[in-house]
Amino acid sequence: MSGVTSSSASGPDPAPVDVVLPCLDEAEALPWVLERIPQGWRALVVDNGSTDGSAAVARALGATVVREERRGFGAACHAGLTAATAEVVCFCDCDASLDPSDLVPFVDRVRSGEADLVLGRRRPRGRGAWPAHARAGNLALSRLLRRRTGLRLHDLGPLRAARREPLLALGLTDRRSGYPLQMVVRAADAGWRIAEYDVPYRPRTGASKVTGTWRGTWQAVRDMSRVLSEREEAHA
Ligand SMILES: Nc1nc2c(ncn2[C@@H]2O[C@H](COP(=O)(O)OP(=O)(O)OP(=O)(O)O)[C@@H](O)[C@H]2O)c(=O)[nH]1
Ligand SMILES: [Mg+2]
């Protein structure tokens, strides 16, 4: 179950852009992330059962907080997408590895109709921003994606933008680490124009949950393999 528990954007004009920020114990990173949300956009922090006071920090900084009880990166992202109301929805990790202000050109491209989905290609800045095994895994995944869809992407990063209604219509079902990949596969199958922009990728603030752990990496590989083996007709 999920629910919106506070709102700072309750004026007559809804924000033109909602930024979904999946959050599991990111109290330390939240101030850096939230102060970089572009003016006039709404930050939707999806609290995925944090025990470090993340929700209170986010609320105090003016973000809208959505609660999602079901654990998982996809569950958090999807709860944010469902709670969003803006025409354009963005996604950004909440660990200060990615700067949400880099989303401005993404949104411009979606709004102008040049692209249906814009993805950030992560370019590591600083030591430890992106461990070698994660980079290699991502490259292998890009190759598999190319074989499956014909798309020539370099990365399947979490910084992205698209229109809300078509995104919901993709009917994404993964609720764990396969969510970002499933979004791209289904968008490609639906004939979307998908663009890629370089974005700086910094070492995260706070403890690593996925890439830096064996369990997280293993789970991500399993979830993504499942998404790639989905047949096109199964969701057409
Ligand atoms: N892993 C994980 N992340 C979640 C969950 N719910 C929300 N998140 C958030 O999703 C974002 C991405 O997770 P990260 O832990 O940064 O995953 P990663 O970038 O692959 O790996 P690390 O940065 O090394 O931990 C972060 O903002 C998390 O706080 C969840 O259930 N599991
Ligand atoms: Mg991270």
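The values are calculated or read from the model by the stated rules, or taken from the named source; none is laboratory data. This is a predicted model, so every value here is computed, not measured. Glycine gets a Cβ as well: all are built from the backbone with ideal geometry, and neighbour counts include every protein chain shown.
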* To do: Go through (1) among the small types (Gly, Ala, Ser); (2) assigned to a strand (DSSP E or B); (3) at pLDDT 95 or above one by one and return the number of the condition residue 3 breaks.
  => (3)
* Matching entry among 66, 46 (being surrounded by 24 or more Cβ atoms within 10 Å (Cβ to Cβ), in contact with a Pro (Cβ under 7 Å, 6 or more places away or on another chain) and under 21 Å from residue 175 (Cα atoms)) -> 46
* Structure fact -> Expected single match for under 26 Å from residue 125 (Cα atoms), under 16 Å from the mean Cα position of the chain (by Cα) and of a type outside the set (Val, Ile, Thr) among 159, 168 is 159
* Regarding residue 87, is this residue more than 19 Å from residue 157 (Cα to Cα), modelled with pLDDT of 95 or more and out of contact with any strand residue (DSSP E or B) (no Cβ under 7 Å at 6 or more places or on another chain)? -> no
* Working only within segment 208-232, note down all residues that are away from ligand 1 (no atom under 16 Å from the Cβ) and among the charged types (D, E, K, R). => 226, 230, 231, 232
* Being assigned to a helix (DSSP H, G or I) and of a type in the set (A, V, I, L, M, F, W, C) is the filter; apply it to segment 63-89 and report the residue that is farthest from ligand 2 (Cβ to nearest atom). => 83
* Structure fact -> Going through (1) within 15 Å of ligand 2 (Cβ to nearest atom); (2) loosely packed, with under 15 Cβ neighbours inside 10 Å; (3) charged (D, E, K, R) one by one, residue 198 fails only at (1)
* Which residue pairs have Cβ atoms closer than 9 Å, lie 6 or more positions apart in sequence or on different chains, and pair a first residue in segment 186-199 that is on the phi > 0 side of the Ramachandran plot with a second residue that is of a type in the set (Asp, Glu)? -> 191/116
* **helices (runs of 4 or more DSSP H) (entirely within segment 119-191) containing at least 2 residues that are surrounded by fewer than 14 Cβ atoms within 10 Å (Cβ to Cβ) and either more than 16 Å from ligand 1 (Cβ to nearest atom) or not basic (Lys, Arg) (or both)** => 132-149, 164-169
* **Meets criteria (within 16 Å of ligand 2 (Cβ to nearest atom) and closer than 15 Å to residue 201 by Cβ) for residue 119** => yes
